[in-house]
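Chemist: Below: one structure in structure tokens.
Read the figures in this text as sums done on the coordinates, not as results from a lab. The structure displayed is predicted, hence computed values, not measured ones. Please note: Cβ atoms are built from the backbone with ideal geometry, for glycine as well, and neighbour counts cover all protein chains shown.
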Amino acid sequence: MDPVVAPAAKPRADYRAWDPRYPEVVRALVAALQPPEFVSIEHVGGTAIPGCGGKGVIDLLALYRDGFLEAAKTFLLGAGFGRQGPEFARRWPEERPMYLGVYRWNAEPVLVYVHVVHQAADEVRRFRTFRERLRGDRSLVEEYGRVKQGIIAGGVTDTDDYAVAKRAFMHRVLGDDHALTPGRRADAGGAP
């Protein structure tokens, strides 16, 4: 397979308005990737929520079936996604990796994170629940935007620190008090 994305570096945390082209970018990327039958790709995170501003990084779940973790990782790395480098203080572990890459859509570079997760993991439910609760409640989208803008206004520029700073809001939306998401190392922070 020829690479579909190019290597990417860790971005700086910032805030930008939601771009209504995000869903179209995801459709084009998934079509270009042509995922094998043991992997499905799903759009999650702020870019999957209409009107939700944020870093502008597209988050995807690469959901793999039983016994296909290594094949899923090989597929994504072959497509051009790269592992997190040492600049990520809170790297995801190899048994639940997060890869990144730049996808060129209409000549525009778009940063993409791919979370490689077993299709039955509770983390999948959490990502989906968070996305759907915000899609269904405009006031939550607006509040989340204010939270993110406040983080940036407070001087946070590191995306690891930015992710940790959003956790309290995310856990409140999910109705839980998890300190960690399953599969994440204790020093790695949390995600929906």
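Chemist: Residues of region 76-107 being assigned to a strand (DSSP E or B), farther than 15 Å from residue 29 by Cα and basic (Lys, Arg), which ones?
Modeler: 83
Chemist: I would also like to ask the following. Out of all the residues in region 155-178, which are in contact with a His (Cβ under 7 Å, 6 or more places away or on another chain) and either surrounded by fewer than 17 Cβ atoms within 10 Å (Cβ to Cβ) or among the hydrophobic types (A, V, I, L, M, F, W, C) (or both)?
Modeler: The answer is 177, 178.
Chemist: Turning to a different aspect of this structure: Could you please give the count of residues in region 56-93 that are among the charged types (D, E, K, R) and touching a helix residue (DSSP H, G or I) at 6+ places or on another chain (Cβ under 8 Å)? Walk me through it before giving the result.
Modeler: As a first pass, look at region 56-93 and keep what is among the charged types (D, E, K, R): 59, 65-66, 70, 73, 83, 87, 90-91.
If we keep only those that are touching a helix residue (DSSP H, G or I) at 6+ places or on another chain (Cβ under 8 Å) too, we end up with 59, 83, 90.
Qualifying residue count, region 56-93: 3.
Chemist: Checking the conditions here, which among 80, 46, 101, 51 is surrounded by 15 or more Cβ atoms within 10 Å (Cβ to Cβ), under 19 Å from residue 164 (Cβ atoms) and of a type outside the set (Ser, Thr, Tyr)?
Modeler: 46
Chemist: In region 131-156, how many residues are over 23 Å from residue 29 (Cα atoms) and in a helix (DSSP H, G or I)? Before the answer, list the steps.
Modeler: The initial filter retains those residues of region 131-156 that are over 23 Å from residue 29 (Cα atoms), namely 133-134, 136-156.
When the remaining residues are screened for being in a helix (DSSP H, G or I), the result is 133-134, 138-153.
Final tally of qualifying residues: 18.
Chemist: Can you find a residue that is part of a loop (DSSP other than H, G, I, E, B) and either of a type in the set (Val, Ile, Thr) or over 22 Å from residue 147 (Cβ atoms) (or both) anywhere in region 54-61?
Modeler: As a first pass, look at region 54-61 and keep what is part of a loop (DSSP other than H, G, I, E, B): 55-57.
This time we only want the ones that are either of a type in the set (Val, Ile, Thr) or over 22 Å from residue 147 (Cβ atoms) (or both), so: 57.
Checked region 54-61: at least one residue is part of a loop (DSSP other than H, G, I, E, B) and either of a type in the set (Val, Ile, Thr) or over 22 Å from residue 147 (Cβ atoms) (or both).
Chemist: Let me ask something else about it. Return the pairs, sorted by first residue and then second, in which the second residue is surrounded by fewer than 21 Cβ atoms within 10 Å (Cβ to Cβ) and outside any helix (DSSP H, G or I), the first residue lies in region 110-139 and is among the small types (Gly, Ala, Ser), the beta carbons are less than 7 Å apart, and the residues are 6+ apart or on different chains.
Modeler: Partner pairs satisfying both residue conditions: 121/182; 121/183.
Chemist: Pull up region 62-75, narrow it to residues that are in a strand (DSSP E or B) and more than 18 Å from residue 111 (Cα to Cα), then point me to the one that is nearest to the chain's Cα centre (by Cα).
Modeler: Taking the candidates together, the pick is 63.
Chemist: Further question: Sort out which residues of region 1-28 are within 23 Å of residue 79 (Cβ to Cβ) and not in a loop (DSSP other than H, G, I, E, B), and write them in order of number.
Modeler: 6, 22, 23, 24, 25, 26, 27, 28, listed by residue number.
Chemist: Another question, if that's okay. Among the residues of region 29-43, write down those that are on the phi < 0 side of the Ramachandran plot, assigned to a loop (DSSP other than H, G, I, E, B) and either free of Cβ contacts under 8 Å to residues at least 24 places away in the same chain or surrounded by fewer than 16 Cβ atoms within 10 Å (Cβ to Cβ) (or both).
Modeler: Once the filter is applied, which keeps residues that are on the phi < 0 side of the Ramachandran plot, assigned to a loop (DSSP other than H, G, I, E, B) and either free of Cβ contacts under 8 Å to residues at least 24 places away in the same chain or surrounded by fewer than 16 Cβ atoms within 10 Å (Cβ to Cβ) (or both), region 29-43 yields 36, 37.
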